[in-house]
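Below is one structure, written out as structure tokens; comments come after it.
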Amino acid sequence: MIKGFCVLCYNKPMKRELMEILACPVCKGDLELTVGEENEEEIVAGSLYCPKCQVHYPIKETIPNLLPPDQQGQSGV
Ligand SMILES: [Zn+2]
């Protein structure tokens, strides 16, 4: 499996297995998972951090928001 920008991962519940395929949308580097809250299967709340870009991508209600920082807050994708 190719590790990198994964469009299919968007709007999917965040699971620990997804760390294998998720990468920073900007630099394609590895992300660090910080768990705020999780259930048996999914990360409910937390964040993904890219140490290279020094950007946090929030996970809210199991959905990781992996939009690049300059695209966050925009609507109508
Ligand atoms: Zn990055």
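How much length, in nm to one decimal, is gained on full extension between Asn11 and Glu61, taken as 0.36 nm per residue of separation minus their Cα-Cα distance?
Full extension from Asn11 to Glu61 adds 17.0 nm.
Can you give the net charge of the other residues whose Cβ lies under 11 Å from the Cβ of Glu38, counting K and R as +1 and D and E as -1?
-2
In sequence order, what are the phi-derived ³J(HN,Hα) couplings for segment 21-26 according to the Karplus relation 6.51 cos²θ - 1.76 cosθ + 1.60 with θ = phi - 60°, rounded to whole Hz, with x for glycine and proline?
Per residue, the Karplus-derived 3J(HN,Hα) values read 10, 6, 9, 4, x, 8 Hz.
Is the shape of segment 14-77 rounded, prolate or oblate, going by the alpha carbon gyration tensor and its root eigenvalues a ≥ b ≥ c, with a/c under 1.5 for rounded and a/b larger than b/c for prolate?
In terms of gyration-tensor shape, oblate.
Search the structure for amide H atoms under 5 Å from the amide H of Glu42, placed 1.01 Å from N in the peptide plane, and list their residues when 5 or more places away or on another chain.
none
For segment 7-71, what is the relative contact order in percent, using Cα pairs closer than 8 Å and at least 6 residues apart in sequence?
For segment 7-71, the relative contact order is 32 percent.
Every number here is computed from the coordinates shown, using simple stated rules; none is lab data. It should be emphasised that the depicted structure is a prediction, and the values quoted were computed from it without experimental measurement. Cβ sites come from the backbone with ideal geometry, for glycine too, and all protein chains shown count toward neighbours.
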